[in-house]
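First comes the structure, then the notes that go with it.
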Amino acid sequence: MAAVLEDTGFVLSGAVTAATVPAMLSTCLPAIQQGTRVIDFAGTTELDSAALALILACQREARRLGVRLRCVNLPANLLSLATLYAVSEFIDQ
């Protein structure tokens, strides 16, 4: 699992699961506070519902700051989970 801040935004890779999300949050939230406006899921290899928790926490922080945060390259299975849990409307793509 890795969460790397790049010029294009915050790039996630590897597993985004209950085991990795707490560490990712400790990196993502400060990055949003410092200007990151994109979270890129292109490099992810494994996802579970904790990935939705990550997205929602990041979106909540962005709203608190009054900025728009987009999630890009979301895998189809994550979008299906978001629909199943009725939270897809909270994910800005």
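Could you tell me which numbered condition PRO75 fails, if it satisfies all but one of (1) without any contact (Cβ under 8 Å) to a residue 24 or more places away in the chain; (2) of a type outside the set (Gly, Ala, Ser); (3) closer than 14 Å to SER13 by Cα?
Against the list (1) without any contact (Cβ under 8 Å) to a residue 24 or more places away in the chain; (2) of a type outside the set (Gly, Ala, Ser); (3) closer than 14 Å to SER13 by Cα, PRO75 comes up short only on (1).
Check ARG37, ARG64 and return the single one that is of a type outside the set (A, V, I, L, M) and modelled with pLDDT of 95 or more.
One residue alone meets the criteria, ARG64.
Just name the residue that is farthest from ALA86 (Cα to Cα) out of those in region 35-67 that are part of a loop (DSSP other than H, G, I, E, B) and more than 11 Å from the chain's Cα centre (by Cα).
GLY35
Return yes when GLN93 is touching a residue at least 24 places away in the same chain (Cβ under 8 Å) and not basic (Lys, Arg) and no when it is not.
Criteria not met by GLN93.
The values are calculated or read from the model by the stated rules, or taken from the named source; none is laboratory data. What you are looking at is a predicted structure, and each value in this text was computed from that prediction instead of being measured. As a convention, Cβ positions derive from the backbone with ideal geometry for all residues, glycine included, and neighbour counts pool all protein chains shown.
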